[in-house]
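Report on the structure given below.
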Amino acid sequence: MSDHANETTYGFGTRAVHVGNEVDKDSGAIKRPITMANSYVLPYDPTDMNWSSAGGNLYTRNGGTNQKYLQERVASLEGGEDCVVLASGVAALSGLFFALLNKGDHVIFSSVTYIAVYRLLNELLNNKFGVETTIVDTTDPANVEAAIRPNTKLIHIETPGNPTLMISDIAAISDVAHRHGALLSVDNTFASPFNQRPIELGADFVVESLTKYINGHGDSMGGAIVGRTEHLDKIRAVSQVNLGGTISPFNAWLIMRGSVTLPLRMRQHNENAMAVARWLEKQPCVSFVAYPGLESHKGHEVAKKQMSPGFGGVLSFGLKADHDTHNRFVSHLKVITSAVSLGHDESLIVFLGENDERQYLYPEEFHNGFFRFSVGIEDAEDIIGDLKQALEKTGLDVLT
């Protein structure tokens with residue numbers, strides 16, 4: 001199917017299986033092999049070559065075979081023209097910002113984002129390289145419009161936002177950006193391309209931590225930037241080659257393998273998270289539940305408009321309890337694992353306390369500490385049962 005990698009008549013599930021894969025010409029294997037080489041044969045006369053060129057098979061930092069296959073697949077799943085795959089989600093974010101932004105440029109970014117975005121844009125790029133940045137509550141596009149300056153180069157949003165699950169209207173913010181000559185990038189990690197495709201909603205770039213849902217098995221790291229080739233060629237040349245955040249062939253191969261089941265896993269993540277969110281919302285000991293699939297969520301109507309068929313597998317919730325009680329609750333969990341990351345096959349939970357430096361950016365209900373809960377693909381009854389028994393052992397009120 002590689003000859004038809006951008007064939008839009010094929011469904012999402014079919015493309016997840018076939019794009020980037022074909023019969024290996026040397027062995028006849030029906031799956032792409034892992035090419036662990038770090039160097040490739042040069043032409044007869046290499047003297048005219050640009051050793052810093054990107055994309056071709058010269059040196060794996062410039063571009064590798066397994067990276068190329070994965071890029072084809074991710075671009076197809078995101079509905080984009082081209083893709084750059086790097087070593088992690090943070091490498092993708094750094095590569096995007098480093099290639100696009102120059103001293104004196106202005107960036108607007110969501111008040112709730114992954115911590116590395118906050119570090120890069122609120123501290124590192126402005127302090128070290130003179131990039132101007134403004135933190136904005138992007139749940140209201142009017143706030144974005146009000147923050148625009150003549151030198152605004154990029155608007156970066158994350159929706160759903162990590163860790164509060166805030167929702168930003170991609171199409172509306174895309175309109176704001178393009179009317180003012182700015183570019184829009186969207187971190188789509190919490191949704192995955194199965195549930196949300198920002199490029200189809202007007203974004204110029206979509207960033208994914210491939211480590212999470214697209215890989216889905218908690219065993220490799222990678223990141224992707226999807227967009228137009230004219231921009232991605234620059235990112236390859238400026239960031240991939242010169243920053244060196246190249247994905248390893250083995251990790252690219254693992255993510256390629258994991259991505260085949262993305263549609264199947266996401267259906268289960270969506271279904272389980274909705275069931276868990278509804279159950280938690282009924283519990284008298286729970287102070288709040290943040291999940292965009294709930295009608296009570298502030299961004300539910302926007303989420304319904306831009307997310308389909310589901311709302312992802314991550315939710316946040318708090319307990320009507322003190323700091324130590326939150327930790328005791330986690331200690332009683334048996335099916336759910338206390339660990340960072342998300343999008344794994346197994347359910348993962350992390351307690352975020354009251355001392356988060358970005359607490360001032362979160363809604364008030366998050367200020368007393370809360371859980372970020374990545375709901376896995378186990379049986380929903382077992383996940384809910386685990387929550388129930390842990391709450392009961394902690395001495396909190398539970399309804400069946």
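The values are calculated or read from the model by the stated rules, or taken from the named source; none is laboratory data. The model shown is predicted, which means the values in this text are computed figures rather than measured ones. Cβ coordinates were reconstructed from backbone atoms using ideal geometry, including for glycine residues, and neighbour counts include every protein chain displayed.
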Looking at the range 339-354, can you tell me whether even one residue there is without any contact (Cβ under 8 Å) to a residue 24 or more places away in the chain, farther than 28 Å from Gln196 by Cβ and not small (Gly, Ala, Ser)? no
Cβ-Cβ distance below 6 Å, separation of 6 or more or different chains: which pairs start in the range 112-129 with a residue that is in the same structural domain as Leu154 (by TED's automatic domain parsing) and end on one that is assigned to a loop (DSSP other than H, G, I, E, B) and small (Gly, Ala, Ser)? Val112/Gly161
Considering the range 168-198 alone, what residues qualify as being within 14 Å of the chain's Cα centre (by Cα) and farther than 17 Å from Ile255 by Cβ? Ser185, Val186, Asp187, Phe190, Ala191, Asn195, Gln196, Arg197, Pro198
Applying the selection to the range 123-151, what residues are outside any helix (DSSP H, G or I) and either at pLDDT below 95 or farther than 12 Å from Phe109 by Cα (or both)? Gly130, Val131, Asp140, Arg149, Pro150, Asn151
Taking Thr164 as meeting all but one of (1) over 19 Å from Arg372 (Cα atoms); (2) under 17 Å from the mean Cα position of the chain (by Cα), write down the number of the exception. (1)
Per-region count, the range 102-124, residues closer than 16 Å to Asp187 by Cβ and either over 21 Å from the mean Cα position of the chain (by Cα) or charged (D, E, K, R) (or both): 1
Would you check which residues across the range 290-314 are touching a Lys or Arg at 6+ places or on another chain (Cβ under 8 Å), farther than 20 Å from Leu77 by Cα and touching a residue at least 24 places away in the same chain (Cβ under 8 Å) and list them? Val314
When both residues are 6+ apart or on different chains and their Cβ atoms are under 7 Å apart, which pairs have a first residue that lies in the range 375-400 and is in the same structural domain as Asp322 (by TED's automatic domain parsing) and among the β-branched types (Val, Ile, Thr), and a second that is in a loop (DSSP other than H, G, I, E, B) and surrounded by 18 or more Cβ atoms within 10 Å (Cβ to Cβ)? Val375/Gly313; Val375/Ser347; Ile383/Ile336; Ile383/Ser347; Ile383/Val375
Checked Leu201, Leu210, Leu280 against criteria (touching a residue at least 40 places away in the same chain (Cβ under 8 Å), outside the structural domain of Arg372 (by TED's automatic domain parsing) and either within 23 Å of Ser347 (Cα to Cα) or of a type outside the set (A, V, I, L, M) (or both)); the one match is Leu210
Take Arg358 and tell me if it is touching a Pro at 6+ places or on another chain (Cβ under 8 Å) and surrounded by fewer than 21 Cβ atoms within 10 Å (Cβ to Cβ). no
Using the structure shown, decide if Leu58 is among the hydrophobic types (A, V, I, L, M, F, W, C), at pLDDT 95 or above and in the same structural domain as Glu230 (by TED's automatic domain parsing). no
Scan the range 307-318 and give yes if some residue there is under 21 Å from Phe370 (Cα atoms) and over 21 Å from the mean Cα position of the chain (by Cα), otherwise no. yes
Would you mind listing the strands (runs of 3 or more DSSP E) fully within the range 270-357 where at least 3 residues are among the small types (Gly, Ala, Ser) and under 20 Å from Glu158 (Cβ atoms)? none
Could you tell me whether the range 320-339 includes any residue that is under 24 Å from Asp137 (Cβ atoms), at pLDDT 95 or above and not assigned by TED's automatic domain parsing to the domain that holds Arg119? no
Looking only at the range 9-57, count every residue that is assigned to a loop (DSSP other than H, G, I, E, B), of a type outside the set (Phe, Trp, Tyr) and touching a strand residue (DSSP E or B) at 6+ places or on another chain (Cβ under 8 Å) and tell me the total. 1
Of the residues Ser316, Ser287, Ser296, which is hydroxyl-bearing (Ser, Thr, Tyr), in contact with a strand residue (DSSP E or B) (Cβ under 8 Å, 6 or more places away or on another chain) and under 15 Å from Phe190 (Cβ atoms)? Ser316
For the range 61-83, state whether one or more residues are in contact with a Lys or Arg (Cβ under 9 Å, 6 or more places away or on another chain), crowded, with 17+ Cβ neighbours inside 10 Å, touching a residue at least 24 places away in the same chain (Cβ under 8 Å) and in a strand (DSSP E or B). yes
